[in-house]
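Here is the structure we will look at, set down as structure tokens.
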Amino acid sequence: MEKYYQPEIECASVEQIKAWQNEKIVKQVKHVYENVPYYRNLMEEKGVTPDDIKSVDDIYKLPFLTKADLRDAYPYGLLAKPLSDCVRIQSTSGTTGKRVVAFYTQHDVDLWEECCARAIVAVGGTEEDVCQVAYGYGLFTGGPGLNGGSHKVGCLTLPMSSGNTERQIDFMRDLRSTILCCTPSYAHYIGETLHEMGLSADDIHLKAGIFGAEPWTEEMRRNIEKMLGIKAYDIYGLTETSGPGVSFECSAQSGMHINEDHFYAEIIDPDTGEVLPEGEKGELVFTSLDKEAFPLLRYRTRDICILRREKCSCGRTHIKMCKPMGRSDDMLIIRGVNVFPSQIETVLLKEGYAANYQIVVDRVGSTDTFDVYVEVTEDQFSDTVRELTAMERKLADAMKTMLGINPKVHLVEPKSIVRSEGKAKRVIDNRKLHD
Ligand code: DLL
């Protein structure tokens, strides 16, 4: 029997969801216009006033917000409440450029944690469960978000944070954890470590995993499910919109329901900004509908995705997004061909390799070089050069079929590619085409 954290919201009719959205958007736009001069200026430049926004159907009239705007306005420029009303700050990892900081009132924290609670109940979580949160804690939203959601559901919460993998496994066994929350690459690493410790899925009690914060493939899902003996579910979110829980997977494991009572989603053409019809692939744009401190209108996520509203076997009615295919700025253009790291991952797992790989791109003269380093498992490891060369060639051919261009594949020794405890770094682009 499917369980819901807030059935009256999660299974509401589409008309009801639309009615909530229409009511909330009017208030949210007014709130932003009156309290955020930065966005008011953008609206004025576009000649839009709050009176023009009577329902979500008018959203297209509003200007977009981009990551560049968030950096411009750092740290307080998009704050819509006095700091004295705020109780929390979280931040992006800020690997490129300035960090983005997001502010929360208590209402915002509650709303966020409720979204995470919905995700936990959707994977079967109840107060009987022990929920091991192995996302990083601190400024990163993964740990605090799932921790809050787990409390709301009433699970016994194990706030492990990431790292110290053997200890994760010891606790997991001793305290009989049933739900694991972490990045998919860390789940994979935990699975590898479990097996290295001479243990198997039979020695742990996990039943489900809630994995997100980075792109991962269906092949990776099956691998993790097998290694840990669980069902693995996806969860999506970003710091700017609060953190994990903007959308989450249900028992159908076929796309993530967006919490539409809090977030309005659009898909746009990333080049023209034009709104695309449902079912088309483009850039995901979110409007928060009831955040107080850090409300974002038409925020361009740069994540490439497809939205579909379909009857779901779980009974939830909220629109679904597919697994993001990676950020538009993660997409590599190598010798003029678009390459997503997830395509490489698909090929590797299909060909029987583990998801331990790194892509290195460089430019020599005017030609791009494209190297893929792939770790072999102990079983695959061979002493003969001939055998390794044949394996490399076979893998390169499979990648050529998938991508249309030929990488140079290098098989490397087991354990030589650094493992990730958070978001995996799959790509090293040395071409310095952009900053
Ligand atoms: O990664 C929030 C989060 C924490 C989500 C824990 C899920 C679980 P940021 O660090 O701001 O926030 O990064 C947000 O990560 O724009 C996507 O590009 C990517 N991302 C997040 N979830 C997924 C996912 C958190 N399930 C950025 N699949 C987003 C693919 C994801 N990419």
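The values are calculated or read from the model by the stated rules, or taken from the named source; none is laboratory data. This is a predicted model, so every value here is computed, not measured. Here the Cβ is made from the backbone with ideal geometry for all residues, glycine too, and neighbour counts use every protein chain on show. All accessible areas refer to the heavy atoms of the entire protein, side chains included, with ligands and DNA or RNA removed. Shrake-Rupley method; radii C 1.70, N 1.55, O 1.52, S 1.80 Å.
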Next item on the list: Would you work out if the stretch 145-198 is rounded, prolate or oblate? Take a ≥ b ≥ c from the square roots of the eigenvalues of the alpha-carbon gyration tensor; rounded if a/c is under 1.5, else prolate when a/b is larger than b/c, oblate otherwise.
Entry: prolate
Note to self: Give me the percent relative contact order of the chain, please, defined on Cα pairs under 8 angstrom at least 6 residues apart.
What the structure shows: 14 percent
Note to self: With the crude spin-label approximation of a point 7 Å out along Cα→Cβ, what separation in nm comes out for THR367 versus THR66?
What the structure shows: 3.4 nm
Next item on the list: Divide by every residue of the chain the summed helix terms, -39500 (n - 2.57) for each DSSP H run of at least 4, and state the resulting mean residue ellipticity at 222 nm, rounded to the nearest 500 deg cm²/dmol.
Entry: -9500 deg cm²/dmol
Next item on the list: Considering only DSSP beta bridges where both residues belong to the chain, give the percentage that are antiparallel (nearest 5).
Entry: 60 percent
Check: How long is the gain from TYR74 to LYS30 if the chain were fully straight, where each residue apart is worth 0.36 nm and the alpha carbon distance is subtracted?
Finding: 13.6 nm
Next item on the list: Grab the other residues whose beta carbon is less than 12 angstrom from that of PHE286, score K and R as +1, D and E as -1, and report the net.
Entry: -1
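Per residue, how much accessible surface does the chain expose to a 1.4 Å probe? Answer in Å², no decimals. Walk me through the intermediate numbers first.
Numbers: 18890 Å² over 435 residues.
Here the residues of the chain average 43 Å² of exposed surface.
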Next item on the list: Might you report the magnitude of the Cβ-based charge dipole of the stretch 354-435 about its Cα centre, with Lys and Arg at +1 and Asp and Glu at -1, to the nearest 20 debye?
Entry: 300 debye
Notebook entry, point to check: If you wrap the stretch 1-68's Cα atoms in a convex hull and average its projection over all directions, what's the area in nm²?
Noted result: 6.4 nm²
Check: In a solvent-free Debye calculation with one equal scatterer on each Cα, what is log10 I(q)/I(0) for the stretch 296-401 at q = 0.13, 0.14, 0.17, 0.18 Å⁻¹, listed in the order of the q values?
Finding: -0.69, -0.76, -0.95, -1.01
Margin query: What does the charge count around THR157 come to, taking other residues whose C-beta lies under 12 Å from its C-beta (Lys +1, Arg +1, Asp -1, Glu -1)?
Written below: -2
Notebook entry, point to check: What Kirkwood hydrodynamic radius, in Å, does the stretch 106-246 give when the mean of 1/r is taken over all pairs of distinct Cα atoms and then inverted?
Noted result: 14.6 Å
Item checked: Label point distance in nm, LYS46-THR401, each placed 7 Å from Cα along Cα→Cβ -> 4.6 nm
Check: Most fluctuating residue of ARG118, ARG335, ARG316 in a GNM of the chain with Cα springs under 10 Å: which is it?
Finding: ARG335
Check: How much length, in nm to one decimal, is gained on full extension between GLU166 and ARG386, taken as 0.36 nm per residue of separation minus their Cα-Cα distance?
Finding: 75.5 nm
Notebook entry, point to check: Which of rounded, prolate, oblate describes the chain, given a ≥ b ≥ c as roots of the alpha-carbon gyration tensor eigenvalues and a/c under 1.5 marking rounded, otherwise prolate only if a/b is larger than b/c?
Noted result: oblate
Note to self: Taking 0.36 nm per residue of sequence separation and subtracting the Cα-Cα distance, how much length would be gained by fully extending the chain between GLU8 and HIS151, in nm to one decimal?
What the structure shows: 49.4 nm
Check: For the stretch 1-146, which whole-number percentage of the solvent-accessible area (1.4 Å probe, protein heavy atoms only) is attributable to carbon and sulfur atoms?
Finding: 52 percent
Check: Anyone know which of PRO184, PRO215, PRO37 comes out most mobile in the 10 Å Cα GNM of the chain?
Finding: PRO37
Next item on the list: Report the one residue of THR367, ILE428, LEU65 whose Cα lies farthest in the direction of the positive end of the charge dipole of the chain (charges on C-beta: Lys and Arg +1, Asp and Glu -1; origin at the Cα centre).
Entry: THR367
Check: Using a Förster distance of 25 Å, how high is the FRET efficiency between MET197 and GLU351, based on the Cβ-Cβ distance and rounded to 0.05?
Finding: 0.40
Next item on the list: Give me the orientation-averaged projected area of the Cα convex hull of the stretch 1-118, in nm², one decimal.
Entry: 9.3 nm²
Checklist line | Heavy-atom SASA rank of LYS400, LYS323 (probe 1.4 Å, accessible area, largest first) | finding: LYS400, LYS323
Notebook entry, point to check: Of GLY145, GLY282, GLY365, which is the most mobile in a GNM of the chain whose springs link Cα atoms less than 10 angstrom apart?
Noted result: GLY365
Next item on the list: Rounded to the nearest 10 degrees, what's the angle between the helix 218-228 long axis and the longest principal axis of the chain, both from Cα atoms, 0 to 90?
Entry: 70 degrees
Notebook entry, point to check: Are any of the pairs LYS3/LYS320; LYS226/LYS281; LYS231/LYS394; LYS231/LYS423; LYS24/LYS281; LYS98/LYS400 more than 25 Å apart by Cα-Cα distance, and if so, which?
Noted result: LYS226/LYS281; LYS231/LYS394; LYS24/LYS281; LYS98/LYS400
